[in-house]
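We did not get these values from a lab; they are worked out from the coordinates using the rules stated. Everything numeric here is computed off the predicted structure, so don't read it as measured data. With ideal geometry, Cβ positions are generated from the backbone for all residues, glycine too; neighbour counts draw on all protein chains shown.
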Amino acid sequence: MITLKEALKLPKEEIAALREDIRRKAEERSDLNAYIALDEAGEGVPLLIKDNIQVKGWSITAASKILQGYVAPYNATVIEKIEAAGLSPFGRANMDEFAMGSSTESSFYGKTLNPHDPERVPGGSSGGSAAAVGAGVAIAALGSDTGGSIRQPAAFCGIVGMKPTYGRVSRWGLGAYSSSLDQIGPMTQNVEDAAILYDIISGYDRRDSTSADVEYTPVADNLNPDRKLTVAVIDNYIKDASKEVQSAYDTAIKALEEAGHKIVHKEMMGAKYDIAAYYIIATAEASANLSRYDGIRYGNRAEDVDNLKELYLKTRSEGFGEEVKRRILLGSFVLSSGYYDAYYLKAQKVRHLIKDEFEEVFKDADLILSPVAPTPAFKFGEMADPLQMYLSDAYTIGINLAGLPAISIPVQKSAEGLPVGLQLIGKHFDEQTVFDGALSLERAVAYEK
Ligand code: GLN
């Protein structure tokens, strides 16, 4: 598949043929169920869009039944930005319902297959975006990452996925899951494309009150893989990973050292606290954000009801899937009076400790290298227990809690031929270093697709 960098250089006349080619390829691989629909808007270089980002005139559903029939009345800021850069939305990417999940199994449109093994998940929640790019049926895609939803599917499908610093990319027009954690980011075939797409979508937006009004210097034109960096590895983290992930980790450390970077060893509190804090904060915010889907304002509305309360109840009971309901219940519980201090407030305090701990490590390092997921892509149904699925987010969610930028890069394949990705985590708003390190690592490991 042509890279984003190459596609952006094509003369206008060739783009129509490119769009046609991608449509044909996507149709040929309809078995993957990566695309919910092959909608098109505009005539630029085609970019796949996760089904929770508003594209004017498209039916945007966050892969939920409750949003069936809803038509987006406006473009998200990122859509305005990609259009200004010569790209156009092309296709709605499958995802976990409301971005809640790590496997894309909870989509109302059915599961997406991993392009490397049809019995395995593509990861989630941006599984459609990752599978399409990994299968060579999309040039690049936009995803969203609340607790790993860009990085983990990227790692499972053998592509690059990047979560920017919280506040770097406007969330205006992104269907809100957990507003203090959500970020939109690029999912691409390589690091350079990720930098290009990141530059296109980044920047302050007054329509998003959490958008950061900080100076922005484009990264793609300044990429420098020759900078010598100090990379921290968290020794106690890796112990819980599978042997495939440990092996990729060893490969990456060796490659980084050979490329002239310095490795320093650290320890962090890690998963136990990250998971507890995340699944309180994310569900609390989700329960509030999803209260707007009441059958009155958006999408599906239940029929045969006698009064307003019944309309709400029936619409929400019929419209939301099991995992979404579980999270609304969890979130309502942790916010309820009597439990607020014990859960929500405490989780916010833990969040601060997590952030402080990262800052401590960053006193001695430019980047942190860590696994993205404990294992390569797992099989469908393997994580039937929700708690087990939550535990698989161990390596990604702390980064969202701390608001840091991170990029997932494919490092090597397992004996079974499954991609294993690792992430480089950077300091707040230091995306330049994240991309510089990522480009160096990408070259050093020379992953073969
Ligand atoms: N797996 C995590 C969750 O279910 C992260 C999802 C995401 O980043 N959107 O919440």
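Rank-order 98-104, 411-417 by packing density, defined as the average count of other C-beta atoms within 10 Å over each peptide's residues, highest first.
On the way: 98-104: 29.6, 411-417: 16.1.
So the peptides 98-104, 411-417, ranked by packing, come out 98-104, 411-417.
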Summed residue charge, Cβ within 13 Å of ALA141's Cβ, Lys/Arg positive, Asp/Glu negative: -1
GLN412 long-range amide H proximity, modeled H, under 5 Å: VAL420
Positive-pole candidate from TYR166, ASN400, TYR298, dipole of the chain, charges at beta carbon: TYR298
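Listing VAL434, VAL137 from the residue with the fewest other Cβ atoms within 10 Å to the one with the most, what is the order?
The order, fewest Cβ neighbours first, is VAL137, VAL434.
Using mean Cβ contacts within 10 Å as the protection proxy, how do 178-191, 56-69, 22-35, 291-304 order, highest first? If you can, show how the numbers build up before the last one.
Values: 178-191: 24.9, 56-69: 21.6, 22-35: 17.6, 291-304: 15.3.
Most protected by this proxy first, the peptides run 178-191, 56-69, 22-35, 291-304.
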Summed residue charge, Cβ within 10 Å of ASP294's Cβ, Lys/Arg positive, Asp/Glu negative: +4
Gained length - LEU308 relative to TYR204, 0.36 nm times residue gap less alpha-carbon distance: 33.4 nm
Cut-off under 5 Å, modelled amide H: who pairs with GLY143 long-range: GLY185, MET187
For segment 77-147 and segment 199-229, distance of Cα centres in Å: 23
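Efficiency by 1/(1 + (r/R0)^6): what FRET value for ALA17 and TYR74, r their Cβ-Cβ distance, R0 = 30 Å, to the nearest 0.05? Please report the intermediate quantities before stating the final value.
Working: r = 30 Å, r/R0 = 1.01.
Computed FRET efficiency for ALA17 and TYR74 comes out at 0.50.
Given a Förster distance of 22 angstrom, what is the FRET efficiency for ASP221 paired with GLU448, based on the Cβ-Cβ distance and rounded to 0.05?
Values: r = 28 Å, r/R0 = 1.27.
My answer for the efficiency is 0.20.
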Karplus-derived 3J(HN,Hα), 6.51/-1.76/1.60, for each residue of segment 423-439, Hz, glycine and proline x: 10, 10, 10, x, 6, 3, 6, 9, 4, 4, 5, 4, 6, 4, x, 5, 5
Pairwise Lys count, segment 15-100 - Cα closer than 23 Å, eight or more residues apart or different chains: 5
Selected from THR165, THR315, THR283 as most flexible by GNM, with the chain as the system and alpha-carbon contacts under 10 Å: THR315
Under 18 Å from LYS243, Cα to Cα: lysines that are on another chain or at least 8 residues apart: LYS254, LYS379, LYS413
For the chain, with +1 on Lys and Arg beta carbons and -1 on Asp and Glu, the positive-most of LEU229, TYR249, VAL372 along the dipole: VAL372
Test item: Cα-centred dipole of the chain, Lys/Arg +1 and Asp/Glu -1 on Cβ, debye: 540
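Taking only Cα atoms of segment 78-127, what ratio of Rg to Rh do you get with Rh as the Kirkwood inverse-distance radius? Walk me through the numbers before you get to the answer.
Values: Rg = 13.3 Å, Rh = 11.9 Å.
That ratio is 1.12, to two decimals.
Run lengths n ≥ 4 of DSSP H only: what is the helix-derived mean residue ellipticity at 222 nm for the chain, with -39500 (n - 2.57) per run over all residues, to the nearest 500?
Working: 15 runs with 163 residues, N = 449.
So the calculated ellipticity at 222 nm is -11000 deg cm²/dmol.
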